[in-house]
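Each remark here refers to the structure printed beneath this line.
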Amino acid sequence: MELLTSGADALRRTRRRAIRILKAWNAQATKPGFSSHQLPVWAYEFVEPGMGPVGAVHTVLLEAALRLQRGEPTKDPRSVSPDLKPLIPDADAERRLRVAADRLAKAIADPDDIDTVAEVLEHLFPKTMRERERAFSAASTPLSTTASLGIAGASLLLPKTRSWREDTAVER
């Protein structure tokens with residue numbers, strides 16, 4: 001734990017965000033390819049000061065793929081456990097990392113192309129995107145507060161999703 005809390009505040013924050021994204025990505029697979037310990041080790045090794053979260057995730061995916069391609073081990077930074085290995089065959093793990101890195105590179109190259117970014121997100125986070133789509137669909141049947149209370153006048157539409165949604169609607 002001390003290793004991940006080393007460095008400047010911005011570096012630690014970027015590492016934490018990258019690790020959360022990487023763990024979410026890994027959990028999307030039917031069979032996760034990497035242990036919950038291996039991903040933070042890679043973030044510790046590959047994330048550098050000045051990187052943003054997206055660049056950090058891309059770097060970890062790409063560098064980890066290159067490491068597996070070269071057949072280099074991932075050492076436990078505390079030398080407590082043996083070398084860290086993927087939970088799936090190395091060739092499959094390397095391919096999974098490389099495909100994710102390549103897809104993410106497309107979104108990074110053209111962040112204003114909403115179709116490309118959406119395609120990348122759907123590929124990297126299929127379960128999360130399906131859940132978000134279901135939540136969005138559920139919000140399309142709004143609840144009119146004034147009508148439900150029997151009060152005349154303008155009504156406020158309340159979405160049926162989390163507070164982080166930006167597309168709340170107001171009926172006038």
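List of remarks:
- Within region 86-130, the set of residues being among the acidic types (Asp, Glu), surrounded by fewer than 16 Cβ atoms within 10 Å (Cβ to Cβ) and free of Cβ contacts under 8 Å to residues at least 40 places away in the same chain comprises ASP90, ASP102, ASP110, ASP112, ASP113, ASP115, GLU119, GLU122.
- Taken over region 27-45, residues that are assigned to a helix (DSSP H, G or I) and surrounded by 20 or more Cβ atoms within 10 Å (Cβ to Cβ) amount to 6.
- For region 60-85, taking the residues that are polar (S, T, N, Q) and open to solvent by 60 Å² or more (accessible area, probe 1.4 Å), the one that is farthest from LYS31 (Cα to Cα) is identified as SER79.
- Flag for LEU22 being over 18 Å from the mean Cα position of the chain (by Cα), assigned to a helix (DSSP H, G or I), touching a residue at least 24 places away in the same chain (Cβ under 8 Å) and buried (at least 20 other Cβ atoms within 10 Å of the Cβ): no
- Conditions (1) over 13 Å from the mean Cα position of the chain (by Cα); (2) not in a loop (DSSP other than H, G, I, E, B): number failed by LYS127: (1)
The values are calculated or read from the model by the stated rules, or taken from the named source; none is laboratory data. What you see is a predicted model, and the numbers here were worked out from it, not measured in a lab. For neighbour counting, all protein chains shown are included, and Cβ atoms are generated from backbone atoms with ideal geometry for every residue, glycine included. SASA here: full protein model, heavy atoms, side chains in, ligands and nucleic acids out. Shrake-Rupley method; radii C 1.70, N 1.55, O 1.52, S 1.80 Å.
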